[in-house]
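These notes concern the structure reproduced below.
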């Protein structure tokens, strides 16, 4: 784990242009970003400002059209797709707006998914799953299916899945977007706990002003540039 | 849990579709097995032909006859232990109870000696030699004509005019399943002496069946027999009994080829059905595959999930199909055909190798059906997959 | 009623699924149409093989030319009747028919029985539909023969300049190929009757006699005269040519029809399941749409009808593809052994219009059966579905 204060995300000169047919649509323009380890960042901005695109680049899901991307000591723009996949499984934990749990698997089995990419034994995997679910406070729901849980509970299981591999960075795209106020607060409390007690770096994109408040750093993105 | 659990659980996602797909696979496996069993059993009679017997006929046509004296020369050929002959009678039932049955005029002294898979009581043979118009019947034809030993029976002929009355002296017992149970055998001399055969056509025989001492010498002995009659007007064509029976099958090659194509055709249809079902499931789960790839599952894993699910469905459907095959063909259809169409199919059961072939085909179909959807899913960019909300 | 364009658009939106399902149906229609073309081929061969004003006479009790025999002088006697046309190239002709084992061209070593017909001098003239398409007619009294177009080139020696052995040291020389318009003659070799009789030791009799009557309506009178007790010289059976050929092909025809139907039905089960899977998925996928349509006021029956219609569209697409593909078989011939005569008969796949009509019907039935249950499910979708997230 990177030492506290060290830059864990370094983006330099990032450009990202999408193409609709032949028409170029520039989304990010000469963007620079430094994120210190242990930070809890909230990125806000109007629709279409490129927030999700920036998040995808940091998480190794997408490549910039130009620029250098260094995350947790790896130079992402120089890595192949296969290398990126492996890197993601070891370094990033994902939290999505629509939870994205697999409906045919139980909570425990959903949390176990990222561990299947490691070489750990069945017993070892079970231990880690239990730990993760305990951290999010849902150990008693281990064998329940997503349809048997509320939205807030599903998201917390998703967070357990995000941390089970002990990632360096947690990437969250509108984590409270589909939740009611109470569940949203529960999730935000949990994320604060992960940041303060377990020292996880969190990079969160959000519309929700409550969510932004919980973060330690707030940034705004407008028309492809950071304000 | 492991990756297999995920594959297994996915089967139940859309139970109806999975079940329908498995039914289609089981059906296809059943049809495939039926077709291949028919092809396999078609020539079975020839496979069981006696190894140590030769058939000798007129070289030009089965319908042309050989001179009677040829039998002595064949019997004198080195390697031949005994020989008999028969003439085709073109038998018909005047009451049209049966469309077709085999009627022969054969030598009373040697026929059942050479054709020992038709077993006849020595006392019956004795009586046959004493009864000029005696006939020995198969059990099924006797039942059709409603006669038993001691009764008279009248048949007609395509070739020889008029009604022919015979006295049933006995029933032969078939010692092998491939023996025809509808044969009607009477004395050659009765035919030869009758007015129906005009003097220039007398003393002619249809074909000769010869027993040889060593099956390994079959080809040589056949050649030496043909060589004997090479310079005569009526040349012979001697061959193993198996080749003789297969020579009647030459006219069926086209049908068997069509069957071959059909067995491939059903697999093609199956592949389309399965590929379609898999493609639909993949499309519905594109978003989910995106999530898995975001978490870090490499594209190869995704391909594995999809092809694995396809193969799993194919294998389960295939096993059901094999079970249906064993039950339907070996249990019901087979015995029915063996009893009622024993001329065509003395044996009708699906051999294990066909069932194995069907399973391999099912697995192959599973792989190919899953391949294209899997490839397309793996090529999709993660961010695009996540965007889809199908 | 729900507009047709809705169904067409829906099918086009899911292109891959639509194409794959249609292909499955197309394949089954192909099998069905092919087997029907084969049956029609048998019918066509037999239909062209018989003129209403021509009669075939066999020995009483014989079912085909191969096993029949009549004395040579029967020909003149059969001709001397008021019903018989005495015009040139008509009258009565007596012919010898034999089958010989002919090895297939190529190295397979397989043999089939081929029919050889010994014709008299006016044998070809008797059949105006027969044309020599290459080479020339055989000279009477010689060992020259002509070969029917369906078997030319398929057996060793059956080409112009080739030889066929009728008996040891008695070769027949092939001098021409003839076209009999698709009838069973196309699968025969025609030889000089006298030469054949001498070679086979069958002088003095013929297998069959064909007689041309003045008109088809003279048949009954002629038959009575010949078969009746008035005729003491020989016992004969008189048949219209068309009836004779129909009998000859009865068993094959039934066999092929049965096999064809069997395959078509079995295969169609798989295709119908495929169509059902597709339509089911479509219904599940479009439940929100359907709910919306219902909320807008379309009734249950409209929805049911609409989805059945969509299934039928799919089926018709497959039917058309399969029908077009099967036309390619028109150029393929199918050699078979006629069970009753043990001789080779070559059948063409015959693209009769009825084949395509039945294929379309078959496709529609498949679409209907496959799509009915999903359509019923669609009609049960409640308008509430429109509101679902």
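The values are calculated or read from the model by the stated rules, or taken from the named source; none is laboratory data. Just so we're clear, the structure is a prediction, and the values are computed from it rather than from any experiment. We place every Cβ from the backbone using ideal geometry, glycine too, and count neighbours over all the protein chains shown.
When C:297, C:319, C:291 are checked against the criterion of being away from chain B (no Cβ under 11 Å) and without any contact (Cβ under 8 Å) to a residue 24 or more places away in the chain, a single residue qualifies: C:297.
Residue A:52 passes every criterion in (1) surrounded by fewer than 20 Cβ atoms within 10 Å (Cβ to Cβ); (2) more than 8 Å from chain B (Cβ to nearest Cβ); (3) part of a helix (DSSP H, G or I) apart from (1). The set of residues in the range B:200-212 being over 29 Å from the mean Cα position of the chain (by Cα) and farther than 30 Å from residue C:205 by Cβ is empty. The single condition among (1) in a helix (DSSP H, G or I); (2) more than 30 Å from residue C:104 (Cβ to Cβ); (3) more than 11 Å from chain C (Cβ to nearest Cβ) that residue B:260 does not satisfy is (2).
Screening the candidates C:283, C:316 for the property of being touching a helix residue (DSSP H, G or I) at 6+ places or on another chain (Cβ under 7 Å) and crowded, with 19+ Cβ neighbours inside 10 Å yields one hit, C:283.
Just a yes or no: is a residue in the range B:140-151 within 14 Å of another protein chain (Cβ to nearest Cβ) and farther than 22 Å from residue B:242 by Cβ? No, every residue in the range B:140-151 fails to be within 14 Å of another protein chain (Cβ to nearest Cβ) and farther than 22 Å from residue B:242 by Cβ. Meeting the requirement of 1 or more residues that are within 13 Å of the chain's Cα centre (by Cα) and either in contact (Cβ under 8 Å) with a residue 40 or more places away in the chain or over 21 Å from residue A:56 (Cα atoms) (or both), the strands (runs of 3 or more DSSP E) wholly within the range A:138-227 are A:169-173, A:201-205. Comparison of B:361, B:374 shows that the only residue that is modelled with pLDDT of 90 or more, within 39 Å of the chain's Cα centre (by Cα) and surrounded by 18 or more Cβ atoms within 10 Å (Cβ to Cβ) is B:361. The condition of being surrounded by fewer than 21 Cβ atoms within 10 Å (Cβ to Cβ), within 10 Å of another protein chain (Cβ to nearest Cβ), farther than 30 Å from residue B:32 by Cβ and in contact with a strand residue (DSSP E or B) (Cβ under 9 Å, 6 or more places away or on another chain) holds for residue B:233.
Each row is one residue, and each column tells you yes or no for (1) at pLDDT below 90; (2) outside any loop (DSSP other than H, G, I, E, B).
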{"residue": "C:30", "(1), (2)": "no, yes"}
{"residue": "C:39", "(1), (2)": "yes, yes"}
{"residue": "C:56", "(1), (2)": "no, yes"}
{"residue": "C:66", "(1), (2)": "yes, yes"}
{"residue": "C:77", "(1), (2)": "yes, yes"}
{"residue": "C:81", "(1), (2)": "yes, no"}
{"residue": "C:87", "(1), (2)": "yes, no"}
{"residue": "C:102", "(1), (2)": "yes, yes"}
{"residue": "C:108", "(1), (2)": "yes, no"}
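The set of residues in the range A:124-137 being in a helix (DSSP H, G or I) and over 19 Å from the mean Cα position of the chain (by Cα) consists of A:124, A:125, A:126, A:127, A:128, A:130, A:131, A:134. Scanning the range C:189-240 for residues that are in contact (Cβ under 8 Å) with a residue 60 or more places away in the chain and either on the phi > 0 side of the Ramachandran plot or in a strand (DSSP E or B) (or both) yields a total of 18. For the range B:56-75, name all the residues that are within 13 Å of chain C (Cβ to nearest Cβ), buried (at least 16 other Cβ atoms within 10 Å of the Cβ) and in contact (Cβ under 8 Å) with a residue 40 or more places away in the chain. Answer for the range B:56-75, where residues must be within 13 Å of chain C (Cβ to nearest Cβ), buried (at least 16 other Cβ atoms within 10 Å of the Cβ) and in contact (Cβ under 8 Å) with a residue 40 or more places away in the chain: B:57, B:58, B:59, B:60, B:62, B:64, B:65, B:66. As a summary of the residue check, residue A:139 satisfies the conditions (1) more than 14 Å from chain B (Cβ to nearest Cβ); (2) under 29 Å from residue A:217 (Cβ atoms); (3) surrounded by fewer than 22 Cβ atoms within 10 Å (Cβ to Cβ) except for the one numbered (2). Restricted to the range A:99-123, and to residues there that are outside any helix (DSSP H, G or I) and within 8 Å of chain B (Cβ to nearest Cβ), the residue that is nearest to residue A:176 (Cα to Cα) is A:100.
Of everything listed in (1) within 11 Å of chain C (Cβ to nearest Cβ); (2) surrounded by fewer than 20 Cβ atoms within 10 Å (Cβ to Cβ); (3) under 25 Å from residue B:40 (Cα atoms), the single unmet condition for residue B:269 is (2).
Only one of C:368, C:293 is out of contact with any strand residue (DSSP E or B) (no Cβ under 6 Å at 6 or more places or on another chain), at pLDDT 90 or above, in the same structural domain as residue C:256 (by TED's automatic domain parsing) and not in a strand (DSSP E or B). Can you tell me which? The conditions single out C:368. Is the range C:21-41 home to any residue that is within 14 Å of chain B (Cβ to nearest Cβ), without any contact (Cβ under 8 Å) to a residue 40 or more places away in the chain and within 31 Å of the chain's Cα centre (by Cα)? No, every residue in the range C:21-41 fails to be within 14 Å of chain B (Cβ to nearest Cβ), without any contact (Cβ under 8 Å) to a residue 40 or more places away in the chain and within 31 Å of the chain's Cα centre (by Cα). Take the residues in the range A:45-60 that are closer than 22 Å to residue A:223 by Cβ and touching a helix residue (DSSP H, G or I) at 6+ places or on another chain (Cβ under 6 Å); name whichever of them is modelled with the highest pLDDT. Selected residue: A:56. Of everything in the range B:21-49 that is more than 13 Å from chain C (Cβ to nearest Cβ) and either in contact with a strand residue (DSSP E or B) (Cβ under 8 Å, 6 or more places away or on another chain) or buried (at least 19 other Cβ atoms within 10 Å of the Cβ) (or both), the residue that is farthest from residue B:331 (Cα to Cα) is B:49.
Selection within the range C:343-365: residues that are closer than 19 Å to residue C:183 by Cβ and not in a strand (DSSP E or B). The member of this set that is farthest from the other protein chains (Cβ to nearest Cβ) is C:352. When residue C:196 is tested against (1) buried (at least 18 other Cβ atoms within 10 Å of the Cβ); (2) within 27 Å of the chain's Cα centre (by Cα), just one condition goes unmet, and that condition is (2).
Within the range A:59-95, the set of residues being part of a strand (DSSP E or B) and either facing chain B (nearest Cβ under 9 Å) or in contact (Cβ under 8 Å) with a residue 40 or more places away in the chain (or both) comprises A:66, A:67, A:68, A:69, A:70, A:71, A:92, A:93, A:94, A:95.
A quick yes/no check of all residues on (1) closer than 23 Å to residue B:39 by Cβ; (2) in contact (Cβ under 8 Å) with a residue 40 or more places away in the chain; (3) within 14 Å of another protein chain (Cβ to nearest Cβ):
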residue	(1), (2), (3)
B:321	yes, yes, yes
B:325	yes, yes, yes
B:330	yes, no, no
B:335	yes, no, no
B:347	yes, yes, no
B:350	yes, yes, no
B:375	no, yes, yes
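If only one of A:102, A:57 is under 19 Å from the mean Cα position of the chain (by Cα) and closer than 21 Å to residue B:7 by Cα, which one is it? Exactly one residue qualifies, and that residue is A:102. Got at least one residue in the range B:305-317 being facing another protein chain (nearest Cβ under 10 Å) and either over 41 Å from the mean Cα position of the chain (by Cα) or surrounded by fewer than 20 Cβ atoms within 10 Å (Cβ to Cβ) (or both)? The answer is no, given that none of the residues of the range B:305-317 is facing another protein chain (nearest Cβ under 10 Å) and either over 41 Å from the mean Cα position of the chain (by Cα) or surrounded by fewer than 20 Cβ atoms within 10 Å (Cβ to Cβ) (or both).
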